[in-house]
Amino acid sequence: AHRETIKKDFPEGWAPPRKLSREAMEGLRQMHKMDPEIYTTPVLAAKFRISPEAVRRVLKSKWQPSSEQ
């Protein structure tokens, strides 16, 4: 169901207009972890100038680069 919703919302696929560095993603996660009531998804989206969907994906992601990368 989620995949169908994403396909409906983004027919050309997910292509965010602005990419975040790994450091920025980690900072976003830390801010949200520090106080999720203040640093909500819309607030973080405005602060980092990305979409709320991109913030949601960063917060949901647990991937970390390996030591070789």
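If I compute solvent accessible area with a 1.4 Å probe over the protein chains, what percent of it on the chain is carbon and sulfur?
Within the chain, the accessible surface is 55 percent carbon and sulfur.
For the chain, what is the convex hull volume of its Cα atoms per residue in Å³?
It is 118 Å³ per residue.
Using packing as a proxy for protection, rank 49-59, 28-38, 2-12 so that the peptide with the highest average count of other Cβ atoms within 10 Å comes first.
Ranked by mean Cβ neighbours within 10 Å, highest first: 49-59, 28-38, 2-12.
Using a basic spin-label model with each label point 7 Å from the Cα along Cα→Cβ, how many nm lie between LYS19 and LYS62?
Output for this residue pair reads 2.6 nm.
Counting only heavy atoms of the protein chains, get the accessible area per residue of the stretch 20-60 (1.4 Å probe) and round it to a whole Å² value.
Using a 1.4 Å probe on heavy atoms only, each residue of the stretch 20-60 averages 65 Å².
What's the local net charge at ASP9, with K and R +1, D and E -1, over the other residues with C-beta under 15 Å away?
In short, +2.
Can you compute the helix-only [θ] at 222 nm over the chain? Use -39500 (n - 2.57) per DSSP H run of at least 4 residues, normalise by all residues, nearest 500 deg cm²/dmol.
-16000 deg cm²/dmol
Tell me, what are the semi-axes, in whole angstrom and largest first, of the equivalent ellipsoid of the stretch 20-60 as set by the roots of 5 times the Cα gyration tensor eigenvalues?
Working from the Cα gyration tensor, I get semi-axes of 13, 12, 9 Å.
The values are calculated or read from the model by the stated rules, or taken from the named source; none is laboratory data. Because the structure is predicted, anything quoted here is derived from the model rather than measured. Note: ideal-geometry Cβ built from the backbone for every residue, glycine included; neighbour counts use all protein chains shown. Surface accessibility is based on the protein's heavy atoms, side chains included, excluding ligands, DNA and RNA. Shrake-Rupley method; radii C 1.70, N 1.55, O 1.52, S 1.80 Å.
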